[in-house]
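In what follows, a structure is listed as structure tokens, so that the remarks can point back to it.
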Amino acid sequence: MGPKKPFFSFVKKKPQKNTEELRHEFKKRYHHFKLLLLANSNALNAMTEMEEAHQGERPLRLSFIRSRCTTIATNVYLMIKNLNALSGDKYTRLYEKFKEIQSSISPFLVRHEPLKDQPLILSMEKLNKTLADHSGNKMANLGEIRSRLGIAVPEGFVVTSRAYRAFMDDTGLKSAIYESLQMAEAESFEDYDNLCREIRRVVLKTDLPDALKNAITEGYSAVEKKLVAGVPVAMRSSSSLPELAGRSFAGQYHTVLGVTQEHLFQAYKEVVASKYSLPAMMYRINRGIREDDVTMCVGCMAMVSAEAGGVAYSKNPVDAQDDNVMIHSVFGHPKCIMDGTDTADLLVVTRETPLRIVKRDIPLKTREIKFNPAGLLSEVGINEERGLKASLSDEKALELAALVLKIEDYYKTAQDVEWVLTREGKIIVVQCRPIVQISLKDPVNIEEDDHTRPHGILMSGGSTASPGIASGPVFVARKEKDILNFPQGAVLVAEQSLPYWAIVLNRASAVIAESGNIAGHLATVAREFNVPALFGLKDATKILKNGEAITVDADRRQVCEGKIERESLNRLKESQEVSQRRYYKSTPVYAALCGAIQHITPLHLLDPDAIDFVPEKCTTFHDITRFCHEKASNGMFETGTDKEFTEYQSRQLVCDIPMQFWVIDLDDGFRERPADNNFVKFENIVSIPMLAIWAGMTAIPWKGSPPVNLKGFMSVILGSMGDTSLDPSMPSRYAIKNYFMVSKNYCSLQSRFGYHFSSTEAIIGENAFENYIHFRFKGGAADRRQRVDRARLIASVLEEMGFHTVLRGDSVDARMKGHDPIFTESRLRIIGYLTIHTRQLDMVMEGEESIQIYKDKIIADVLKLV
């Protein structure tokens with residue numbers, strides 16, 4: 001066989017180029033090599049972030065996964081491009097493998113839903129649960145109970161998912177929003193708030209397609225014909241994402257009430273834009289829901305003039321052992337129940353036949369919300385006499401309870417039903433969805449003798465909106481802007497239980513509000529997040545002080561001074577954290593991560609000397625980075641050791657030790673251009689990794705060859721007699737000189753000392769993710785067993801110093817990456833020490849005892865270097 005073809009072929013057999021031309025051409029190639037190394041570092045950095053996210057410790061955005069996948073794919077492509085630039089397009093097959101892997105990842109990141117032949121609007125009478133993908137769950141459920149159960153619901157129609165996609169796609173909104181989310185590096189609430197505001201601004205200023213305008217107008221006209229001309233309507237969100245218990249989206253989207261015909265289009269856009277309200281975005285992030293999973297259908301329903309309204313639960317949402325029907329009711333429209341701004345009547349009805357009321361809690365009500373003929377909201381005061389009366393009669397309460405149980409029986413799960421009572425005495429359901437019900441455990445007794453128990457009760461009373469007990473510092477929020485600075489683990493204290501406060505529930509240890517009830521949106525979401533919540537504590541914002549450590553016992557409806565640190569509470573907290581991680585791992589976003597990462601981070605190409613270390617075997621992006629890095633590194637060395645090239649590029653190092661080295665400056669490894677083309681002084685070297693290696697080589701003087709016994713000496717003689725490379729008439733690997741190839745942050749050392757060979761490649765820069773060391777060692781003069789023992793010795797030392805090593809016969813392959821510059825330099829000094837001080841040790845290896853003796857000595861020496 002002829003000599004191995006060089007990796008690079010730019011050096012001709014008889015070069016006609018002068019030194020400067022060769023230097024320029026080599027710098028161009030080294031430029032590609034540096035770009036490849038940078039791309040490798042960027043790709044591995046993003047892979048590390050994805051692997052950390054894969055632990056399921058925190059909620060994720062789909063845009064995070066997309067951006068990391070984009071970063072990885074971009075940099076892997078750059079590696080392929082630069083490797084082919086270095087090798088003369090030797091590895092173009094990698095482009096095909098790249099496309100195959102990319103196509104495997106894409107389905108997990110992009111939800112491809114072809115627009116089916118569906119209308120832009122659907123009337124209420126046509127809706128049922130089979131159309132949830134088109135109409136959203138809220139409207140589909142209303143159509144279902146209307147057609148299947150004969151339950152009254154408002155007249156109206158739904159603007160479908162097809163209409164939403166037409167609005168997003170046809171106007172360019174989808175790509176604009178996608179770009180904003182991808183480019184955003186939001187960390188704080190304020191960052192997210194600014195991002196959300198900008199997206200909503202863009203949505204609201206975008207005009208609807210004409211076909212969608214016409215469809216909405218036609219739908220409204222049909223409602224007018226059924227009811228009355230100019231009928232005001234409510235525009236409400238109806239997300240197509242399945243409404244599961246524990247994922248209600250309660251209060252996260254905007255509802256526009258009292259909409260007239262001239263404001264239909266703007267109201268529709270306001271509801272759609274609320275997908276990007278701060279509460280909605282944070283809810284999706286914390287519940288692991290992908291942006292593409294939420295299609296904003298919008299229900300358009302005739303306003304109902306309500307004499308009373310509220311929320312009814314078919315079971316107690318804060319106690320899974322209680323299966324009574326819980327009815328919350330106020331005079332007029334129930335908006336104040338939903339937004340947590342007022343108290344409400346509570347009627348508890350047993351489900352046994354005959355139904356009967358077993359509890360009444362009728363607080364003083366001071367106002368009601370009415371709609372004038374134009375559909376506008378107005379607040380009307382209530383005198384004390386009426387305010388102390390029940391807003392719902394016993395007869396209607398029992399009728400409502402029967403209706404709620406009917407819905408529960410149909411759906412076979414507990415239900416949360418929003419309802420209104422017309423002035424004609426008709427109950428109309430405006431929403432139904434699965435309930436979030438919590439199983440209560442035995443409450444922790446904070447009054448037990450404990451040296452860490454609270455010092456006293458600060459407040460008591462109110463109602464348990466979400467059960468549990470938790471401690472933390474008080475954070476009083478008086479306006480929305482305050483919440484942007486909410487710290488981890490604090491107790492939120494506010495006047496009203498506003499749905500907006502839900503954005504901090506993943507950070508809050510507990511919630512206290514002066515008003516509100518368990519039927520409000522914030523209470524619903526607090527139960528989803530397992531955050532204790534106590535509502536109806538008057539003057540809480542005045543009594544509790546910012547930063548004050550308190551314990552909230554929502555089960556006993558107490559707020560105590562001090563922070564409880566008890567083993568039982570710590571176990572409860574740990575259990576909640578485990579439960580939260582388990583929830584994260586069940587979310588659509590985590591599923592998308594798992595699907596994508598299987599084509600990105602696994603590494604199958606482990607052995608560069610294996611026969612299957614080829615492009616065709618690359619099945620992940622990590623495989624491609626490994627392949628590209630290995631081939632590029634090998635190629636750079638082959639270029640540096642090319643005889644004709646080194647005659648022009650290498651300079652002998654002038655130093656004070658009796659060893660010969662040649663140095664090739666790849667870019668900026670010299671302080672200044674040497675005046676002599678044949679030599680470079682050590683003082684002129686500025687390569688950080690080379691200086692670290694050199695420090696290890698020279699720090700402890702080598703005392704010469706170890707004492708060799710007769711057996712060791714004979715093994716060298718016998719090995720030399722059979723080694724054709726020592727024949728002066730044969731091409732010999734021993735004729736290779738010791739070369740440093742350097743830049744300021746890069747070094748490759750190829751060395752031969754006696755009968756063994758070693759190579760070291762390293763990068764040291766400010767970014768720890770870019771730093772790495774790759775050391776290879778092979779050969780020796782003694783017999784194979786002794787060479788293997790020396791290799792075992794070297795591998796053992798390096799493993800103890802934190803390297804990952806692979807041992808094959810008499811060869812060692814050791815790697816380290818991702819450490820700060822100071823640490824990396826210290827490990828390079830160890831490599832320098834081993835390069836010099838392991839010379840000829842193979843000749844004195846006599847099994848485990850000798851390995852341990854020399855290991856102890858080497859460890860003692862290298863510890864002086866770190």
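The values are calculated or read from the model by the stated rules, or taken from the named source; none is laboratory data. Treat the numbers as computed from the prediction; the structure is a model and nothing was measured. Don't worry about glycine lacking a Cβ; one is built from the backbone with ideal geometry, like all the others, and counts go over all protein chains shown. Accessible surface is based on the protein model in full, side chains and every heavy atom, while ligands, DNA and RNA are left aside. Shrake-Rupley method; radii C 1.70, N 1.55, O 1.52, S 1.80 Å.
Here are a few things to note about the model shown:
- Integer Hz, Karplus 6.51/-1.76/1.60 couplings in order for the stretch 86-95, x for Gly and Pro: 6, 9, x, 6, 7, 10, 5, 4, 5, 4
- Relative contact order of the stretch 95-202: 21 percent, from C-alpha pairs under 8 Å at least 6 residues apart in sequence.
- Extension gain for the segment GLU198 to LEU807, taken as residue separation times 0.36 nm less the Cα-Cα distance, is 213.6 nm to one decimal.
- In order along the stretch 822-827, the phi-based Karplus estimate (6.51 cos²θ - 1.76 cosθ + 1.60, θ = phi - 60°) of 3J(HN,Hα) comes to 5, 5, 4, 4, 4, 6 Hz; Gly and Pro are listed as x.
- The slack in the chain from ARG367 to LYS225, taken as 0.36 nm per residue of separation less the alpha-carbon distance, amounts to 47.7 nm.
- For the stretch 183-242, the Cβ-based charge dipole about the Cα centre amounts to some 540 debye (Lys, Arg positive; Asp, Glu negative; other atoms uncharged).
- 3J(HN,Hα) along the stretch 409-415, derived from phi through the Karplus expression 6.51 cos²θ - 1.76 cosθ + 1.60 where θ = phi - 60°, amounts to 4, 5, 8, 6, 7, 4, 10 Hz, with x in place of Gly and Pro.
- Per-pair calculated FRET efficiency, R0 = 41 Å: THR70 and PHE679 via Cβ, rounded to 0.05: 0.25
- Whole-number accessible area per residue in Å² for the stretch 450-565, which is evaluated in the context of all protein chains at 1.4 Å: 36 Å²
- Expressed to the nearest 5 percent, the antiparallel share of DSSP beta bridges inside the stretch 450-565 is 60 percent.
- Out-of-range pairs (alpha-carbon distance over 22 Å; input LYS737/LYS855; LYS129/LYS412; LYS225/LYS370; LYS631/LYS681): LYS737/LYS855; LYS225/LYS370; LYS631/LYS681
- Amide H contacts under 5 Å for VAL663: ARG651, GLN652, LEU653, PHE740, restricted to partners 5 or more places along the chain or on a different chain, H placed in the peptide plane at 1.01 Å from N.
- Under a 5 Å amide H cut-off, with hydrogens placed 1.01 Å from N, GLY802 pairs with nothing among residues at least 5 apart or on other chains.
- Approximating the spin labels as points 7 Å out from Cα along Cα→Cβ, the VAL110-to-LEU388 distance works out to 6.7 nm.
- Among VAL159, ILE105, GLY143 - extreme Cα towards positive end, dipole of the stretch 62-202, charges at beta-carbon: ILE105
- Cβ-derived FRET efficiency at R0 51 Å, GLN182 paired with ILE822, nearest 0.05: 0.90
- Under 5 Å, built H, 5+ apart or other chain: amide partners of ILE600: PHE621
- Apportionment of accessible area to carbon and sulfur, the stretch 450-565, percent (1.4 Å): 46 percent
- Extension gain (nm, one decimal) between ARG360 and TYR95, 0.36 nm per residue minus Cα-Cα: 88.2 nm
- Taken about its Cα centre, the stretch 450-565 carries a charge dipole of about 160 debye when Lys and Arg each add +1 at the Cβ and Asp and Glu each add -1 at the Cβ.
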